[in-house]
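Asks: Here's a structure for you.
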Amino acid sequence: MNILVLCDDNWHPADVVKGGLEPLRTRGFDFHYILETDAEWQDSLERLLTEYDLLILAKSNRVSAVKEHPWIIDSTGGLLQRYVSAGGGLLVLHSGTVGYPDMEDMCGLIGGVFHHHPEQCPVTVEPVQDTEITRGIQAFTVQDEHYFMDMTDPTNVDIFMVTRSGHGEQPGGWTRMEGGGRVCVLTPGHNLAVWLHPGYQQLLQQALTWTASAPKGE
């Protein structure tokens, strides 16, 4: 499975994303990383998307770790929405939910946007449904940023996982359909140790498989 990964920003280095995804290469996933999403690169985004089975969004709305201006604009959100509607898969991980609270296309596509997080603390990740993504996974606790989310399309998301800490409970994973394609969101993942936890590795593997598996014409 060929997967395009957009990662790297000033809070979320690409090394964490790469370190968390690379162990999954042995499961048949081939990752190609883009670290700088500047205007010149965006001109080729529509063509690039046709070459991959799945898109992973694992960066906030910043061009790169050293270029902090936004890269997601209204036209970008519309392009991603059309890509998924046509049968593409979008997996949004942690920081991919950050930085576009006023962008209608992105909020509608993903179904929720980051609001804030307290200081890092023990966070329990707990499936609340038995789905293809959560099958075989038991609750586990990791040191992480506990993401608090604004759900922008609550009637059209299927929450399969929650996150809990001393600060409360939040949606931690959900799916939604967009036309003929699938969207999956996982909010944990600030630290590499979270990505490498066996439970999270299994979540990633099963989320990748589910998100890329929408039948053509669904």
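The values are calculated or read from the model by the stated rules, or taken from the named source; none is laboratory data. In this text the structure is predicted, and so the values were computed from the model without any measurement. Methodologically, a virtual Cβ is constructed for each residue, glycine included, from the backbone with ideal geometry; neighbour enumeration extends over all protein chains shown.
Asks: Where residues in the stretch 32-86 are aromatic (Phe, Trp, Tyr) and either modelled with pLDDT of 95 or more or surrounded by 17 or more Cβ atoms within 10 Å (Cβ to Cβ) (or both), which of them is nearest to Cys184 (Cα to Cα)?
Replies: If we take residues in the stretch 32-86 being aromatic (Phe, Trp, Tyr) and either modelled with pLDDT of 95 or more or surrounded by 17 or more Cβ atoms within 10 Å (Cβ to Cβ) (or both), then Tyr83 is nearest to Cys184 (Cα to Cα).
Asks: For the condition of a type in the set (Phe, Trp, Tyr) and touching a Leu at 6+ places or on another chain (Cβ under 8 Å), what is the one hit in Trp174, Trp210, Trp195?
Replies: Of the residues listed, the single one that is of a type in the set (Phe, Trp, Tyr) and touching a Leu at 6+ places or on another chain (Cβ under 8 Å) is Trp195.
Asks: Further question on the same structure: Would you point out the residue of the stretch 141-158, among those that are part of a strand (DSSP E or B) and polar (S, T, N, Q), that is farthest from Ala212 (Cα to Cα)?
Replies: Gln143
Asks: Which residue is nearest to the chain's Cα centre (by Cα), if the candidates are limited to the stretch 18-31 and must be surrounded by fewer than 16 Cβ atoms within 10 Å (Cβ to Cβ) and in contact (Cβ under 8 Å) with a residue 60 or more places away in the chain?
Replies: Among them, the one singled out is Gly19.
Asks: Separate question: Could you tell me whether Leu57 is within 16 Å of Asn2 (Cα to Cα), touching a residue at least 40 places away in the same chain (Cβ under 8 Å) and not β-branched (Val, Ile, Thr)?
Replies: yes
Asks: Can you tell me which residues in the stretch 66-95 are small (Gly, Ala, Ser) and free of Cβ contacts under 8 Å to residues at least 40 places away in the same chain?
Replies: Ser75, Gly77, Gly78
Asks: Which fully enclosed helices (runs of 4 or more DSSP H) of the stretch 1-106 have 1 or more residues being within 26 Å of Gln202 (Cβ to Cβ) and out of contact with any helix residue (DSSP H, G or I) (no Cβ under 6 Å at 6 or more places or on another chain)?
Replies: The qualifying helices (runs of 4 or more DSSP H) are 14-21, 74-85.
Asks: How many of the residues in the stretch 107-120 are assigned to a loop (DSSP other than H, G, I, E, B) and either at negative phi or free of Cβ contacts under 8 Å to residues at least 40 places away in the same chain (or both)?
Replies: 4
Asks: Starting from residues that are among the polar types (S, T, N, Q) and surrounded by fewer than 16 Cβ atoms within 10 Å (Cβ to Cβ), keep the ones in the stretch 142-179 and report whichever is farthest from Gln205 (Cα to Cα).
Replies: Out of the qualifying residues, it is Thr155.
Asks: Within the bounds of the stretch 159-176, is there any residue that is under 26 Å from Trp71 (Cα atoms), in a loop (DSSP other than H, G, I, E, B) and over 14 Å from the mean Cα position of the chain (by Cα)?
Replies: No, that holds for no residue.
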